[in-house]
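The values are calculated or read from the model by the stated rules, or taken from the named source; none is laboratory data. Being a predicted model, the structure only gives us computed values, none of them experimental. When we count neighbours, we look across all protein chains shown, and the Cβ atoms used for this are built from the backbone with ideal geometry, even at glycine. Side chains included, ligands, DNA and RNA excluded: accessible areas come from the protein's heavy atoms. Shrake-Rupley method; radii C 1.70, N 1.55, O 1.52, S 1.80 Å.
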Amino acid sequence: MSFLQLPAAELETTLAKELARNPALELVDELRCPGCGKRLLQRPCPTCAAPSQTDHPIVYLSPREPRAYSPAELETEYRDAYAHVPLDEYILRQIGPQLTRAERPMAAYILAQLDEDGLFAGSPAEVAAAQRASLSAVERVLALIQHADPPGVGARTPQESLLVQLDSLTDSIPPAMLNLAHAILQNHFELLGKQDYAQIARRLRVPRSLVEAAARFIQRNLTPYPARAFWGEGKVPETEDASALSDPDISISFFNQSSGGPLMVEVFTPFSGWLRVSPDFKAALADCDEADREKLSAAVEQAALITKCLQQRNHTMRRLMQIIAEEQRSFILGGDRDLRPLTRAQVAKALAVHESTISRAVAGKSIALPSGRIVPLAKFFDRSLSVRDRVRRLVEHETRPLTDDEIAVALAREGIHVARRTVAKYRNMLGILPANVRARLAKTSRARPASMPALTPAS
Ligand SMILES: [Zn+2]
């Protein structure tokens, strides 16, 4: 039970201690599938992650060590200074002087499509069509956004964002490191994600130690999610913990890269090797004298218990993810508004386990979604999230500032009954100002030139 509660990274530490303490426990340095036990020549396991004829998610255990993207060190002072300014407004202030009158609405249109990681989810062609502008004009505005602070914001993918951030450091790092980091990000991004430094070194024909140094540099100085350090989920204290989000316990991707097919759900297990009771130690047990036997057999029993508990943990995590991935497909592919909150009790019933088992399995775990966004597993059970999203949308579409009371009434019409105080709490979590302040701001923004778009609070 205590294994189930630990995220993969912490479990690994616990097991490492146990390995050091108990000579009957052995880590075999060999790639085996934690699901079926077969020796693996490739990942994922061809049996456990076999393509399915149906739409059901393919959930499998993976002995891969969690990848090690940690968010760049947060500069607390900086974050606090800007925490109250919505991201789009913050960027528009920086690039405003460089924009022509015609480009301003285009910039606002693009900024409205930044996701909470600061990445641009839309396409330049779509912006050009919507804004009746040329593609080159859109590209120019997009480039201005991408070179504003935080660096890499407005990029289309984490990879592009990292490259833009690297460009912004051109003057402050040695050219050799710059070129190597650039080559790795540009051409070997997938291998970098897998931490396959040996392969990168071979392909680039440089020593492995240099590749490792460049990977460390990238990890410490760049972040694939430029806005996360200062905006977005990070502002919501109850759901996010930056340290827990650097090493996901689970990763979801698409089968064959196609978003129409089944989801591939990879549940990480600790270590790249596998644990077993040492056969040599068991053999020694048969030969030893009576005095030692008791002590040694206790060690064997303890080792057997640990491997069994680990299997149980893996099994429970896999079944839990099967249910979550099936029930929450639209949230996994879409956004917060598509969340259909599950209760721990529902899931416990479906898996025929006690509710506390589900709580332990969810605790402290994080999950990487196909978009690259990493969220706590607890988010799938967050009943307030979809309500928060509705509050945000009501305010975005208000024709005049709605009071918390009026929002509560509007929610009640949608069948969601929450108190005014709860609305106020969610509104604060979303960084939306009270109605009277919004009204005052709306007055000032009407005084601005007509082409200056009114900014909505960041989501
Ligand atoms: Zn397998």
- Query: Which members of segment 285-310 meet the condition of being open to solvent by 50 Å² or more (accessible area, probe 1.4 Å) and not charged (D, E, K, R)?
  - Reply: A286, A291, A298, Q302, L305
- Query: Which residue pairs have Cβ atoms closer than 8 Å, lie 6 or more positions apart in sequence or on different chains, and pair a first residue in segment 43-57 that is open to solvent by 50 Å² or more (accessible area, probe 1.4 Å) with a second residue that is part of a loop (DSSP other than H, G, I, E, B) and near the ligand (Cβ under 7 Å from one of its atoms)?
  - Reply: T47/C33; T47/G35; T47/C36; T47/K38
- Task: Kindly provide the set of residues from segment 342-376 that are closer than 16 Å to D247 by Cβ and of a type outside the set (A, V, I, L, M, F, W, C), ordered by number.
- Result: G364, K365, S366, G372, R373, P376
- Members of segment 425-440 that are crowded, with 17+ Cβ neighbours inside 10 Å and among the small types (G, A, S): G431, A435
- Across segment 260-280, what is the number of residues that are in contact with a helix residue (DSSP H, G or I) (Cβ under 7 Å, 6 or more places away or on another chain) and open to solvent by less than 70 Å² (accessible area, probe 1.4 Å)? 12
- Task: State which residue is nearest to the chain's Cα centre (by Cα) when the search covers only segment 180-200 and only residues that are open to solvent by 30 Å² or more (accessible area, probe 1.4 Å) and closer than 26 Å to I145 by Cβ.
- Result: F189
- Message: Which count do you get for residues in segment 1-11 that are modelled with pLDDT of 85 or more and more than 18 Å from R319 (Cα to Cα)?
- Response: 1
- Item | Single unsatisfied condition, E294 versus (1) within 25 Å of L377 (Cβ to Cβ); (2) free of Cβ contacts under 8 Å to residues at least 60 places away in the same chain | (1)
- Name every residue in segment 407-420 that is touching a residue at least 12 places away in the same chain (Cβ under 8 Å), over 25 Å from Q328 (Cα atoms) and open to solvent by 20 Å² or more (accessible area, probe 1.4 Å), in order of residue number. R420
- Extreme residue, least open to solvent (accessible area, probe 1.4 Å), among residues of segment 325-340 that are in a helix (DSSP H, G or I) and among the charged types (D, E, K, R): D336
- Message: Looking only at segment 54-65, how many residues end up being touching a helix residue (DSSP H, G or I) at 6+ places or on another chain (Cβ under 9 Å) and within 11 Å of the ligand (Cβ to nearest atom)?
- Response: 2
- Taking segment 20-36 and keeping residues open to solvent by 30 Å² or more (accessible area, probe 1.4 Å) and in contact (Cβ under 8 Å) with a residue 12 or more places away in the chain leaves P23, E26, L27, D29, E30, L31, R32, P34, G35, C36
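Considering segment 17-53 alone, what residues qualify as being of a type in the set (G, A, S) and more than 10 Å from the ligand (Cβ to nearest atom)? Talk me through it step by step, then tell me what you get.
If we filter segment 17-53 for residues that are of a type in the set (G, A, S), which is where we start, we get 20, 24, 35, 37, 49-50, 52.
Scanning segment 17-53 gives A20, A24, S52.
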- Task: Could you tell me whether segment 141-151 includes any residue that is out of contact with any Pro (no Cβ under 6 Å at 6 or more places or on another chain), open to solvent by 60 Å² or more (accessible area, probe 1.4 Å), in a loop (DSSP other than H, G, I, E, B) and in contact (Cβ under 8 Å) with a residue 12 or more places away in the chain?
- Result: yes
- Would you check if there is a residue in segment 120-129 being under 23 Å from I374 (Cβ atoms), open to solvent by less than 70 Å² (accessible area, probe 1.4 Å) and touching a helix residue (DSSP H, G or I) at 6+ places or on another chain (Cβ under 9 Å)? yes
- Query: Does A112 count as more than 20 Å from L433 (Cα to Cα) and either at pLDDT 85 or above or under 25 Å from the mean Cα position of the chain (by Cα) (or both)?
  - Reply: no
- Item | Enumeration of residues in segment 27-49 that are under 27 Å from the mean Cα position of the chain (by Cα) and outside any loop (DSSP other than H, G, I, E, B) | R32
- Item | Scope segment 160-189; condition in contact (Cβ under 8 Å) with a residue 40 or more places away in the chain and in contact with a Leu (Cβ under 7 Å, 6 or more places away or on another chain); matching residues | S161, L162, Q165, L166
- Of residues in segment 86-116 being part of a helix (DSSP H, G or I) and of a type in the set (D, E, K, R), the one surrounded by the fewest Cβ atoms within 10 Å (Cβ to Cβ): R93
